[in-house]
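The values are calculated or read from the model by the stated rules, or taken from the named source; none is laboratory data. Everything numeric here is computed off the predicted structure, so don't read it as measured data. Cβ: placed from backbone, ideal geometry, glycine included. Neighbour counts: every protein chain shown.
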Amino acid sequence: MGRESSTNLEQAALSFLSAIDPERGIDAALFLRRTGLVLASWTREGIRLDVVSVMAATMLASIDTILEALGGSASESVAVEGGDHQMVATKIGSKAFLVVIARMSVARSAVRKTVRELVTQLSRIASEMGSPLEGTTAHPRVQVRPPR
């Protein structure tokens with residue numbers, strides 16, 4: 001990624017927080033480089049960003065490796081449920097991704113809507129700067145398993 005693309009990520013990160021609706025019940029939203037470096041973050045309660053960001057990057061890379069080992073292709077979006085939380089990680093181009101974390105009591109549709117709005121916001125900012133984020137679309141596909 002060249003310096004111009006890096007600058008677009010940084011500028012998009014600065015405006016990232018304005019798209020978060022704290023009334024939707026989201027616990028955390030993180031805009032990260034694929035290495036786990038935090039570009040922007042919002043949390044309802046203090047969390048260890050160093051741990052969450054690196055582990056989220058590791059999780060996404062691990063899932064891609066598993067899928068490729070099975071003969072498939074890497075995924076653009078991953079949904080995980082564990083304990084009383086759910087998490088959606090969505091790639092933003094080839095060098096960044098977005099993670100949204102919420103309690104299981106929050107409707108999956110609210111989590112999906114938050115992800116779509118944040119990706120749209122990030123893409124819009126980069127486009128306004130004259131260089132869209134690589135691999136983003138105005139309407140990202142976020143696949144979350146339907147309720148059982």
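One line per residue, one yes/no per condition, for (1) touching a helix residue (DSSP H, G or I) at 6+ places or on another chain (Cβ under 8 Å); (2) not charged (D, E, K, R):
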{"position": "GLY71", "(1), (2)": "no, yes"}
{"position": "VAL88", "(1), (2)": "yes, yes"}
{"position": "ILE92", "(1), (2)": "yes, yes"}
{"position": "VAL99", "(1), (2)": "yes, yes"}
{"position": "MET104", "(1), (2)": "no, yes"}
{"position": "ARG112", "(1), (2)": "no, no"}
{"position": "VAL119", "(1), (2)": "no, yes"}
{"position": "LEU122", "(1), (2)": "yes, yes"}
{"position": "ILE125", "(1), (2)": "yes, yes"}
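Taking each residue of segment 51-73 that is over 26 Å from SER41 (Cα atoms) and looking for partners that are modelled with pLDDT under 95 and assigned to a helix (DSSP H, G or I) with beta-carbon atoms closer than 7 Å, six or more apart or interchain, yields SER73/LEU67.
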